[in-house]
1. Is region 27-37 home to any residue that is modelled with pLDDT of 95 or more and of a type outside the set (Val, Ile, Thr)?
2. Every residue in region 10-23 that is within 8 Å of the chain's Cα centre (by Cα) and in contact (Cβ under 8 Å) with a residue 60 or more places away in the chain, please.
3. Identify, please: which residue in region 7-40 is closer than 22 Å to Leu189 by Cβ and of a type in the set (A, V, I, L, M) and is, among those, surrounded by the fewest Cβ atoms within 10 Å (Cβ to Cβ)?
4. Residues in region 105-123 that are assigned to a helix (DSSP H, G or I) and exposed (fewer than 11 other Cβ atoms within 10 Å of the Cβ): how many?
5. Determine, yes or no, whether Ala155 is more than 18 Å from Lys14 (Cβ to Cβ), among the small types (Gly, Ala, Ser) and either part of a helix (DSSP H, G or I) or not assigned by TED's automatic domain parsing to the domain that holds Ala20 (or both).
6. Which one of the conditions (1) more than 19 Å from the chain's Cα centre (by Cα); (2) in a helix (DSSP H, G or I); (3) surrounded by 12 or more Cβ atoms within 10 Å (Cβ to Cβ) does His43 fail to meet, given that it meets all the rest?
7. Ser63 passes all but one of (1) in contact with a helix residue (DSSP H, G or I) (Cβ under 7 Å, 6 or more places away or on another chain); (2) more than 13 Å from Leu154 (Cβ to Cβ); (3) surrounded by 12 or more Cβ atoms within 10 Å (Cβ to Cβ); which number fails?
8. Among Gly164, Gly184, Gly149, which is part of a helix (DSSP H, G or I) and either touching a helix residue (DSSP H, G or I) at 6+ places or on another chain (Cβ under 7 Å) or on the phi > 0 side of the Ramachandran plot (or both)?
Amino acid sequence: MKLLGSPTSPYVRKTRIVLAEKKIECEFVIDNGGPDGSGLAAHNPLCRVPVLILDDDSTLFDSRVIVGYLDNLAPNNRLIPSVGRARTQVRRWEALTDGICDAAVAAVMESRRPDGERSRSWIDRQRMVIDGGLAACAREFGEQAWCHGTRITLADIGLGSMLGYLDLRFPDIDWRARHPHLAGHYDKLLQRPSFADTAPPPG
């Protein structure tokens, strides 16, 4: 298998962490798709990363679809509960953290538009979503050891990938001071090789 993506993308990092935690061998190919994303069109009609190319050359795209596939591919270290309320709670965490990433990426892309085309109100709206989402994460997490249950799940992976992206793109958001329990959890996650090895490079 091959995973196509950018090392700075939080969705790609989430997928790479799942691969590492599941101990699934997969080649990582850096592919940003070019400025307009057209380079990915042969693998994903949406021209977005990540894309997982399977051994039969078929493809999967959207990180939620890919991580669900990977968790079912190998029975070890289940990251998504198989049934019931527990499964819903973990996927709810993923939806929350992915939604914060959606707002963060939208704000970054808008900030890169030329002068005169950039919307300050749109960026401010996305930053409101980020702030509200972080507050919700902090309330949900409380003072627990893990987002759900007694060990790492996809909820923690989604949370950690999102927080790492905010560190990369929004250093002015002092989320560590405002949410110290989230900061402590992220620091704990960074001790795991799956997180340390996928930390986004600067830039």
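1. So far as region 27-37 goes, yes, one or more of its residues are modelled with pLDDT of 95 or more and of a type outside the set (Val, Ile, Thr).
2. Pro10, Tyr11, Arg13, Lys14
3. Taking the candidates together, the pick is Ile24.
4. Of the residues in that region, 2 qualify.
5. no
6. Going through the list (1) more than 19 Å from the chain's Cα centre (by Cα); (2) in a helix (DSSP H, G or I); (3) surrounded by 12 or more Cβ atoms within 10 Å (Cβ to Cβ), His43 breaks only (2).
7. Every condition holds for Ser63 apart from (2).
8. Gly164
The values are calculated or read from the model by the stated rules, or taken from the named source; none is laboratory data. For clarity, every value in this text was computed on a predicted model and none was experimentally measured. As a convention, Cβ positions derive from the backbone with ideal geometry for all residues, glycine included, and neighbour counts pool all protein chains shown.
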